[in-house]
Amino acid sequence: MKYQVIIPAAGLGKRMGAGKNKLLLDLNEVPVLIHTLLVFEADEACSGIVLAISPSDEVEITQLIERYDIKKVIAFAPGGKERQDSVYNALMTLSTQGIVLVHDAARPFIETKSIHEVTAAANEFGAAVIGVPVKDTIKKVQDNKIVETVERSSLWSVQTPQAFRVSVLMEAHERSQKDGFLGTDEASLVERIPHEIKMVEGSYDNIKLTTPEDLYFAEAIIRKRQKKEI
């Protein structure tokens, strides 16, 4: 099942404390963004990548794409004030047909198997997301005091990619703009249409690199995968 993918890559990554776009940091001597792009570059089902970027990063990102021979980036879209704005700007470059994925650039360990599963689910149901069941006990806290232990059997930690028919995601964005709603992810916009969203179980390796500590976990995942390849 063919798809196109939007990758918002315009964030500052302040929690990483790197002083620049965290996606340009090296992970095992390759920039984080390139790790992510190479997954989609190698997937025959991916027909195109749209990157939403900050103008200040365009020259460096263009050079990296050329250096690593990334061929599937079909467009740059301007990064917006919020991630939601960046995704909408990228969405406007696509046709209204087919399946579109939205994937965090800072999730370089997404597996092709998961990509294909969420794409197939979106084709069938119109909307689907990757996620994993929560492992920890979850507490609701107010004023630094526990007020409730949340029953966790139905709780999932949502990841990306999130996949949609283009028409569904476009409708969700347009409704959110009209209502002045700012969501935490694309699924939160689609929920408001409302539209059914299929949950597809992914991998706990599909972490998002947000803080410096996450880089240690990332290096461990790389070592684990290298051992499997031997």
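The values are calculated or read from the model by the stated rules, or taken from the named source; none is laboratory data. Just so it is clear, the structure is predicted and the values come from calculations on it, not from any experiment. No Cβ is skipped: glycine too gets one built from the backbone with ideal geometry, and neighbour counts run over all protein chains shown.
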List pairs: first residue in region 85-112 and among the basic types (Lys, Arg), second residue modelled with pLDDT of 95 or more anywhere in the structure, Cβ distance under 8 angstrom, at least six positions apart or on different chains.
ARG107/THR36; ARG107/GLN159; ARG107/THR160; ARG107/ASN206; ARG107/ILE207; ARG107/LYS208; ARG107/LEU209
Only unsatisfied item for GLN63, checking (1) touching a residue at least 40 places away in the same chain (Cβ under 8 Å); (2) surrounded by fewer than 16 Cβ atoms within 10 Å (Cβ to Cβ), is (1)
Top-ranked residue in region 16-37 [being surrounded by fewer than 16 Cβ atoms within 10 Å (Cβ to Cβ) and out of contact with any Asp or Glu (no Cβ under 9 Å at 6 or more places or on another chain); ranked as modelled with the lowest pLDDT]
GLY17
Hits in region 190-230 (condition: touching a Gly at 6+ places or on another chain (Cβ under 9 Å) and over 28 Å from LEU24 (Cβ atoms))
VAL190, GLU191, ARG192, HIS195, GLU196, ILE197, LYS198, MET199, VAL200, GLU201
If the requirement is being touching a Leu at 6+ places or on another chain (Cβ under 6 Å) and of a type in the set (Gly, Ala, Ser), which of these qualifies: ALA90, ALA105, ALA77?
ALA105
I'd like the full set of residues that are buried (at least 18 other Cβ atoms within 10 Å of the Cβ) and of a type outside the set (S, T, N, Q), limited to region 150-163.
PRO161, ALA163
Residue that is surrounded by the most Cβ atoms within 10 Å (Cβ to Cβ), among those in region 187-207 that are assigned to a helix (DSSP H, G or I) and of a type in the set (Gly, Ala, Ser)
ALA187
Can you tell me which of GLU41, GLU82 is closer than 22 Å to LEU182 by Cα and among the acidic types (Asp, Glu)?
GLU82
Can you find even one residue in region 80-88 that is of a type in the set (S, T, N, Q), within 18 Å of LEU169 (Cβ to Cβ), over 13 Å from the mean Cα position of the chain (by Cα) and crowded, with 20+ Cβ neighbours inside 10 Å?
no
Out of (1) surrounded by fewer than 16 Cβ atoms within 10 Å (Cβ to Cβ); (2) at pLDDT below 95; (3) under 18 Å from THR184 (Cβ atoms), the one LYS140 does not meet is (2)
For region 159-186, how many residues are in a strand (DSSP E or B) and without any contact (Cβ under 8 Å) to a residue 60 or more places away in the chain?
2
Among the candidates VAL132, VAL166, VAL147, single out the residue that is of a type in the set (A, V, I, L, M) and surrounded by fewer than 11 Cβ atoms within 10 Å (Cβ to Cβ).
VAL147
